[in-house]
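Okay, structure first, notes after.
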Amino acid sequence: MPRVALLNPNTNAGTTAMMVGIARSQAPAGLTIEGLTAPYGAALITDEAALRISAEAVVGQAGGLAAFDGVIVSAYGDPGVEELRALLSVPVVGIAEASFEAAFAHGRFAVITTTPDLADAIRRRVAGLGYGRDFSGVFLTDGDVHAVMRDPDGLTRALALAGDAAIRAGAQALIVGGGPLGEAAEALAGRLGVPVIAPIRAAVDKVSAKLARIQLA
């Protein structure tokens with residue numbers, strides 16, 4: 001039975017448990033998802049300095065990750081993904097890259113999120129993966145990110161407003177950009193009139209497809 005590690009680059013174990021619950025609900029029969037939490041860094045990655053530290057923490061887990069059949073890195077910005085790929089012989093999938101691929105299937109897409117200090121990193125990731133011409137931009141919630149995140153209902157409403165702005169700007173699909181926003185992505189599904197991509201679910205689909213191809217080879 002294939003085992004996939006879902007590695008949370010944030011240090012909040014409760015967030016890891018939430019992400020794993022979503023991933024397991026998406027996983028096909030026979031695929032096991034196991035959660036791991038970064039041993040150091042930020043409880044919530046909100047800026048590029050924290051993203052860089054999280055990448056170091058992710059890469060530091062390579063030895064233990066080698067025992068799995070696949071790895072999901074569950075923070076937006078995909079910290080440490082390329083470095084892990086160079087160290088491991090198993091599929092490594094970042095939730096950002098998986099969500100871009102899923103959204104691109106619907107046309108122009110945008111990212112809605114809560115972290116203004118990560119907007120440039122998201123834009124660079126989009127461009128670096130070749131989706132720049134199909135990208136409508138990053139659309140942000142108003143207010144302090146920590147205050148917004150403490151109120152689940154308010155978070156969903158704030159992301160919906162950001163989504164409305166993205167749709168007015170031409171987006172044909174929306175990505176809820178962030179692993180800790182997994183529950184909000186679930187709440188927004190089917191509510192905004194365009195496809196809403198949940199990055200954790202997209203990553204499970206992507207790693208599952210990679211493992212299926214390996215099994216057929």
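For the reader, a short list of remarks on this structure follows.
- Test: residue in the stretch 181-195 that is touching a residue at least 12 places away in the same chain (Cβ under 8 Å), assigned to a loop (DSSP other than H, G, I, E, B) and closer than 25 Å to THR16 by Cβ: no
- Candidates GLY30, GLY14, GLY41 - the one that is over 14 Å from the mean Cα position of the chain (by Cα) and part of a helix (DSSP H, G or I): GLY14
Condition check ((1) out of contact with any Gly (no Cβ under 7 Å at 6 or more places or on another chain); (2) outside the structural domain of GLY41 (by TED's automatic domain parsing); (3) free of Cβ contacts under 8 Å to residues at least 24 places away in the same chain) across all residues:
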residue: VAL73; (1), (2), (3): no, no, no
residue: TYR76; (1), (2), (3): no, no, no
residue: GLU82; (1), (2), (3): yes, no, yes
residue: VAL90; (1), (2), (3): no, no, no
residue: PHE104; (1), (2), (3): yes, yes, no
residue: ARG124; (1), (2), (3): yes, yes, yes
residue: VAL138; (1), (2), (3): yes, yes, no
residue: THR156; (1), (2), (3): yes, yes, no
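- Residue pairs whose Cβ atoms lie under 6 Å apart, sitting 6 or more positions apart in sequence or on different chains, and linking a residue in the stretch 6-17 that is under 15 Å from VAL58 (Cβ atoms) and modelled with pLDDT of 95 or more to a partner that is among the hydrophobic types (A, V, I, L, M, F, W, C) and assigned to a strand (DSSP E or B), are LEU6/ILE33; LEU6/ILE72; LEU7/LEU36; LEU7/VAL73.
- Looking across the stretch 196-217, the residues that are in contact (Cβ under 8 Å) with a residue 60 or more places away in the chain, among the hydrophobic types (A, V, I, L, M, F, W, C) and more than 23 Å from VAL138 (Cβ to Cβ) come down to VAL204, VAL207, LEU211, ILE214.
- Within the set LEU159, LEU192, LEU181, the sole residue that is farther than 30 Å from PRO2 by Cβ and crowded, with 23+ Cβ neighbours inside 10 Å turns out to be LEU159.
- Residue satisfying all of: in the stretch 62-79; out of contact with any strand residue (DSSP E or B) (no Cβ under 6 Å at 6 or more places or on another chain) and within 14 Å of ALA38 (Cα to Cα); surrounded by the most Cβ atoms within 10 Å (Cβ to Cβ) among these: ALA75
- When ARG168 is tested against (1) surrounded by fewer than 20 Cβ atoms within 10 Å (Cβ to Cβ); (2) in contact (Cβ under 8 Å) with a residue 12 or more places away in the chain, only condition (2) is not met.
- At least 1 residues being hydroxyl-bearing (Ser, Thr, Tyr) is the threshold, and among the strands (runs of 3 or more DSSP E) wholly inside the stretch 80-172 those reaching it are 109-113, 135-140.
The values are calculated or read from the model by the stated rules, or taken from the named source; none is laboratory data. This is a predicted model, so every value here is computed, not measured. Please note: Cβ atoms are built from the backbone with ideal geometry, for glycine as well, and neighbour counts cover all protein chains shown.
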